[in-house]
1. Would region 101-119 turn up any residue that is under 20 Å from F49 (Cα atoms) and of a type in the set (K, R)?
2. Given (1) of a type in the set (A, V, I, L, M); (2) surrounded by fewer than 18 Cβ atoms within 10 Å (Cβ to Cβ); (3) under 26 Å from T104 (Cα atoms), identify the lone condition not met by A160.
3. Scan R158, R197, R135, R130 and give me the residue that is within 21 Å of T100 (Cα to Cα) and among the basic types (K, R).
4. Filter region 157-212 for residues that are aliphatic (A, V, I, L, M) and assigned to a loop (DSSP other than H, G, I, E, B); which is modelled with the lowest pLDDT?
5. Look through D172, D155 and report the one residue that is more than 17 Å from R197 (Cα to Cα), touching a residue at least 40 places away in the same chain (Cβ under 8 Å) and surrounded by 14 or more Cβ atoms within 10 Å (Cβ to Cβ).
6. For the subset of region 175-192 comprising residues that are more than 16 Å from the chain's Cα centre (by Cα) and not hydroxyl-bearing (S, T, Y), which member is surrounded by the most Cβ atoms within 10 Å (Cβ to Cβ)?
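The values are calculated or read from the model by the stated rules, or taken from the named source; none is laboratory data. Given the structure is predicted, the values throughout are model-derived calculations rather than measurements. In this analysis, Cβ positions are derived from the backbone assuming ideal geometry, glycine residues included, and neighbour counts consider all displayed protein chains.
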Amino acid sequence: MSSARLRDAVLLRLVDRALADDLAEIEGATSARLLARRDGAARIDRDEFIAGVPHAAFINAAFAYWRPQALNRFNGPGRGAWYAALATGTCIAEVAYHMTRELTAVADFHAVVEYAEMFASMAGSFVDLRGVTPRPDCLDPDPARGYPAGNALADATRAAGHNGIVWPSVRDPAAGTCLVALWPAAVQSVAQGQVLRLVWDGAPTPAVEAAG
């Protein structure tokens, strides 16, 4: 996940700590994560969010943020999801693809983004797409074709009582395996790893380095 979520609120640097409660009230009125936790959202009930476990805020954030007018492979507006992979290299390939796509849209391959490793266990049954032939439509590399099919599968998976989906990575096809948890409670035992920095310096393929 983006390392921005690991830092204090930026406004804390601009005010006295005595005003922290006022800032918390402002955050509570504007934070998508806190608003979804309190009121729910279009496609997720507030009772689905979790509390009282380590890094619950990170888990809830994955389900409380989404692209407002576009799909991801297994979620869309109104409901987020926790995406993961079995190897860090696969995670990098996946997030780099999406960031590169945004840089391509603005025709400027200059950016520095930091991501923090978040290790987690997954609970419950997952639909396994590895080895499925013919290749499911939801794994089409083109988002315009793959993502609508993926969202339909995610809806069917939740309706059938499963917690998520496992699939061969589309962006790291040689050996990558990806997972998506479709319910917050399916994500357990979260622990933070290292912070990695991806640097686009004029080319569509980023350099990857450990952040200090």
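1. no
2. Here A160 meets the rest and fails (3).
3. Result: R197 is the single residue among R158, R197, R135, R130 that is within 21 Å of T100 (Cα to Cα) and among the basic types (K, R).
4. Residue satisfying both the conditions and the ranking: A175.
5. Answer to the check: D172.
6. Residues of region 175-192 that are more than 16 Å from the chain's Cα centre (by Cα), as a first pass: 175-176, 189.
After this cut, where a residue has to be not hydroxyl-bearing (S, T, Y) as well, the list is 175-176.
Details: A175: 11, G176: 20.
So, considering only residues that are more than 16 Å from the chain's Cα centre (by Cα) and not hydroxyl-bearing (S, T, Y), the one surrounded by the most Cβ atoms within 10 Å (Cβ to Cβ) is G176.
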